[in-house]
Amino acid sequence: MRNVRFSRDGWKVMLVTVIILALILTGMFTLSFKQPAVAKAEVEKTEVESLVKKAALIFATAVPHDKTLTSNATVTELNITDGGIEAIVNTECTFLLDYKSPYDEPHLKGKTQWLAENKSRLTTEEINVAETEIKIHEDWVKWEMEVPFGSSATYKLTAANLQEARNGNFTVYLWTDIDRVKNGTVQNWIPNNIFIPTDEEATNRAYETFGDYVKQLTPIYAEAEQTAIERFDSKD
């Protein structure tokens, strides 16, 4: 009888042991699923950060005739949800204007064309104002062709989902304390800044507005010149 009782007790011990092992294995099995999920989230966040940085820098450096010397992007906010991706990205870049001649710059080209076509109808004072303004503009273009200049901008980028971000499809907003407006898009990694005119549009705009600008400035130049003469005479 003792042997029988011992045998029954032994089965009880074995049963308890099996249950404990089953619980341990179940816990390990559960952890084996949880840990990769955390790792996957971290990998996804790292990937999205890289994608939004890439898109922001493509957008920030897509200014016509700017030669990019340095560029850097920093993600300050990142939200990844079922509703899509949103990121706030600061960009900092340095550039040189990239023209063969200052007079290839569209706005300067438009002003020069206007003066050449209208010079015969202008007064001496108006010609002087136009030529002075063109020279000031030329000096500015020359300076930025030779001396690097910096540019910083903050953008908000949104994408419908991770796959769209991987495909390079983003909506881009200018994101400052003053302006929070749609700035353009990046589609298949190709930027479209809706605020940047084409060279032809910029040239035409400068051509069409320079005449009125010269007329507005002519009396201001005359007044400044008269003031300078009076000050010079008063010193005598």
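Each pair of Cα atoms in the range 120-210 enters the Kirkwood radius, and Stokes-Einstein at 4 °C and 1.567 mPa s then converts it into a translational diffusion coefficient of 76 µm²/s.
Give me the 1.4 Å probe accessible area per residue for the range 38-234, excluding ligands and nucleic acids, in Å².
Values: 11940 Å² over 197 residues.
Per residue, the range 38-234 has an accessible area of 61 Å².
What do you get for chymotrypsin sites (Phe, Trp or Tyr not before Pro) in the range 43-101 restricted to DSSP loop and a cutoff of at most 11 other Cβ within 10 Å of the site's Cβ?
Details: sites: Phe59, Phe95, Tyr99; in loops: Tyr99.
The qualifying sites: there are none.
Placing +1 on the Cβ of every Lys and Arg and -1 on the Cβ of every Asp and Glu, with no other charges, gives the range 93-227 a dipole of roughly 580 debye about its Cα centre.
With a Förster radius of 35 Å, plug the Cβ-Cβ distance of Glu77 and Ser101 into 1/(1 + (r/R0)^6) and report the FRET value to the nearest 0.05.
Numbers: r = 43 Å, r/R0 = 1.23.
It comes to 0.20.
Entry for the range 38-234 at q = 0.11, 0.15 Å⁻¹: log10 I(q)/I(0) = -0.67, -0.95, Debye formula applied to identical alpha-carbon scatterers, no solvent contribution.
The values are calculated or read from the model by the stated rules, or taken from the named source; none is laboratory data. On a predicted model such as this, the values are computed, not experimentally measured, just so you know. So basically every Cβ, Gly included, is an ideal-geometry build from the backbone, and we count neighbours across all protein chains shown. Accessible surface areas use protein heavy atoms only, side chains included; no ligands, DNA or RNA. Shrake-Rupley method; radii C 1.70, N 1.55, O 1.52, S 1.80 Å.
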